[in-house]
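Everything on this sheet refers to the single structure shown next.
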Amino acid sequence: MIDMSDSELEAIRRKKMRELMERISSRKEDKKERIDPEEVLGRVFRGRAWEVYRAAYAQYPQVMERIKDALVRLVLAGRLNEINGEQLYLFLRRLGLRVRLETKIKVLEHGKLKSLADKLKEGI
């Protein structure tokens, strides 16, 4: 059995504590460096871009994960400045993704907006 003095044990204990503290601080820095894709995309998405993005994500989750990563890289590289819903929709169509968007038709009558279904129920 190895015989160690109290001062040697204390030195080893301090060294282990220092290493542990360094590991904890490096993990905190890693968390700070992680990029939030939603925040990055929010910088460039305009108009109905989020609506198109969410619809596409709901319909094609695996493909949209890869597209999201690519869009984030383009934004961070400064190659993508702004994209609206129509542009995103056309981009996805070119990639072969047929994104189905919820469509609502409203009728303006006497200063009030009514859905087409309500208008048809009333009779035209």
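The values are calculated or read from the model by the stated rules, or taken from the named source; none is laboratory data. Given the structure is predicted, the values throughout are model-derived calculations rather than measurements. Counting neighbours? That spans all protein chains shown, and the Cβs are built from the backbone with ideal geometry, glycine included.
Could you please give the count of residues in the range 110-124 that are small (Gly, Ala, Ser) and either under 36 Å from the mean Cα position of the chain (by Cα) or not assigned by TED's automatic domain parsing to the domain that holds ILE67 (or both)? It would help to see each step written out before you state the result.
Step one: filter the range 110-124 for residues small (Gly, Ala, Ser), giving 111, 115, 117, 123.
Going one step further and asking which of them are either under 36 Å from the mean Cα position of the chain (by Cα) or not assigned by TED's automatic domain parsing to the domain that holds ILE67 (or both), we end up with 115, 117.
Residues that pass the stated criteria total 2.
Here is a list of conditions, (1) closer than 14 Å to ALA49 by Cα; (2) touching a residue at least 24 places away in the same chain (Cβ under 8 Å), and PHE91 meets all of them except one; can you say which number that is?
(2)
Looking at the range 88-109, can you tell me whether even one residue there is in the same structural domain as GLY123 (by TED's automatic domain parsing), in a loop (DSSP other than H, G, I, E, B), in contact with a strand residue (DSSP E or B) (Cβ under 8 Å, 6 or more places away or on another chain) and on the phi > 0 side of the Ramachandran plot? Show your work before the answer.
The initial filter retains those residues of the range 88-109 that are in the same structural domain as GLY123 (by TED's automatic domain parsing), namely 88-109.
Keeping just the survivors that are in a loop (DSSP other than H, G, I, E, B) gives 95-105.
After this cut, where a residue has to be in contact with a strand residue (DSSP E or B) (Cβ under 8 Å, 6 or more places away or on another chain) as well, the list is 104-105.
Now restrict to residues that are on the phi > 0 side of the Ramachandran plot: none.
Within the range 88-109, not a single residue is in the same structural domain as GLY123 (by TED's automatic domain parsing), in a loop (DSSP other than H, G, I, E, B), in contact with a strand residue (DSSP E or B) (Cβ under 8 Å, 6 or more places away or on another chain) and on the phi > 0 side of the Ramachandran plot.
When you scan the range 64-75, do you find a residue that is under 14 Å from the mean Cα position of the chain (by Cα), closer than 17 Å to LEU101 by Cα and in the same structural domain as ARG100 (by TED's automatic domain parsing), even just one?
Yes.
Please specify each residue of the range 90-124 satisfying the condition of being aliphatic (A, V, I, L, M) and closer than 17 Å to ILE67 by Cβ.
Filtering the range 90-124 down to residues aliphatic (A, V, I, L, M) leaves 90, 92, 95, 97, 99, 101, 105, 107-108, 113, 116-117, 120, 124.
Scanning the range 90-124 gives LEU90, LEU92, LEU95, LEU97, VAL99, LEU101.
Looking only at the range 1-15, count how many residues are exposed (fewer than 10 other Cβ atoms within 10 Å of the Cβ) and at pLDDT 75 or above.
Looking only at the range 1-15, we keep the residues that are exposed (fewer than 10 other Cβ atoms within 10 Å of the Cβ), and these are 1-3, 5-7.
Adding the requirement that they be at pLDDT 75 or above leaves 5-7.
Total meeting the criteria: 3.
Sort through GLU65, GLU122, GLU19 and tell me the only one that's among the charged types (D, E, K, R) and either at pLDDT 90 or above or touching a Phe, Trp or Tyr at 6+ places or on another chain (Cβ under 6 Å) (or both). Give the steps one after another, and end with the answer.
Details: GLU122 fails: either at pLDDT 90 or above or touching a Phe, Trp or Tyr at 6+ places or on another chain (Cβ under 6 Å) (or both); GLU19 fails: either at pLDDT 90 or above or touching a Phe, Trp or Tyr at 6+ places or on another chain (Cβ under 6 Å) (or both).
Answer to the selection: GLU65.
Give the range 66-80 a look and list any residue that's under 15 Å from ARG34 (Cβ atoms) and of a type outside the set (Asp, Glu), or say none.
Correct list: LYS68, VAL72, ARG73, LEU76.
Restricting the range 38-57 to residues that are part of a helix (DSSP H, G or I) and exposed (fewer than 15 other Cβ atoms within 10 Å of the Cβ), which is modelled with the highest pLDDT?
Narrowing the range 38-57 to residues part of a helix (DSSP H, G or I): 38-44, 49-57.
When the remaining residues are screened for being exposed (fewer than 15 other Cβ atoms within 10 Å of the Cβ), the result is 38-39, 42-43, 54.
On the way: GLU38: 93, GLU39: 93, GLY42: 94, ARG43: 94, ARG54: 97.
Step by step, filter the range 38-57, then rank; the result is ARG54.
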